[in-house]
Amino acid sequence: QVQLVESGGGLVQAGGSLRLSCAASGRTFSTFAMGWFRQAPGKEREFVATLNWINWSARSTYYSDSVKGRFTISRDSAKNTLYLQMGSLKPEDTAVYYCAAAGGPLYGESRLRDEKYDFWGQGTQVTVSS
């Protein structure tokens, strides 16, 4: 299986930036897609961003409308690490952010559904103050 560990969360002021990392270990060679989800207090987990791990390119990335233009998802395959660069942060971005990996290819809307992902990290807290 794949183990995922998130890091980089913290407290930042509105308008600031933060970069989250997700270190993957185990059978990462079987990973087809990876993504970021978040869950705010009292709310359901929501999709943030995703990319195709295999044959990655900028065209393979997809973002939720709420973060598009502010967040950037990327990878370092040599380090087996997924990143989420967050800029222009807003108080509504406050949540626990989770890294996820899919053991098979995801197409279209399937990339946005959390139940399609097989492995999850423990999450890292991001708090944005006004």
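The values are calculated or read from the model by the stated rules, or taken from the named source; none is laboratory data. From a predicted model like this one, the values you see are computed outputs, not experimental measurements. Reconstructed Cβ throughout: ideal geometry from the backbone, glycine too, with neighbour counts over all protein chains shown. SASA here: full protein model, heavy atoms, side chains in, ligands and nucleic acids out. Shrake-Rupley method; radii C 1.70, N 1.55, O 1.52, S 1.80 Å.
For this structure, a couple of remarks:
- Among the residues here, TYR98 qualifies as of a type outside the set (Lys, Arg) and under 20 Å from GLN1 (Cα atoms).
- The stretch 1-43 holds strands (runs of 3 or more DSSP E) entirely within its bounds, and those carrying 3 or more residues that are under 21 Å from VAL128 (Cβ atoms) and either in contact with a helix residue (DSSP H, G or I) (Cβ under 6 Å, 6 or more places away or on another chain) or at pLDDT 95 or above (or both) map to 10-13, 18-26, 33-39.
- Screening PRO41 with (1) of a type outside the set (Gly, Ala, Ser); (2) surrounded by 13 or more Cβ atoms within 10 Å (Cβ to Cβ); (3) more than 13 Å from the chain's Cα centre (by Cα) gives one miss only, at (2).
- The stretch 91-129, residues that are assigned to a loop (DSSP other than H, G, I, E, B), in contact with a strand residue (DSSP E or B) (Cβ under 8 Å, 6 or more places away or on another chain) and either without any contact (Cβ under 8 Å) to a residue 40 or more places away in the chain or β-branched (Val, Ile, Thr) (or both): THR94
- Pair list, Cβ < 7 Å and 6+ apart or interchain, from the stretch 60-74 residues that are modelled with pLDDT under 95 to residues that are among the acidic types (Asp, Glu) and open to solvent by 60 Å² or more (accessible area, probe 1.4 Å): none
- The set of residues in the stretch 75-90 being outside any strand (DSSP E or B) and not hydrophobic (A, V, I, L, M, F, W, C) consists of SER77, LYS79, ASN80, GLY87, SER88, LYS90.
- Residue ID - farthest from ASP76 (Cα to Cα), chosen from residues in the stretch 1-35 that are open to solvent by 30 Å² or more (accessible area, probe 1.4 Å) and among the polar types (S, T, N, Q): GLN13
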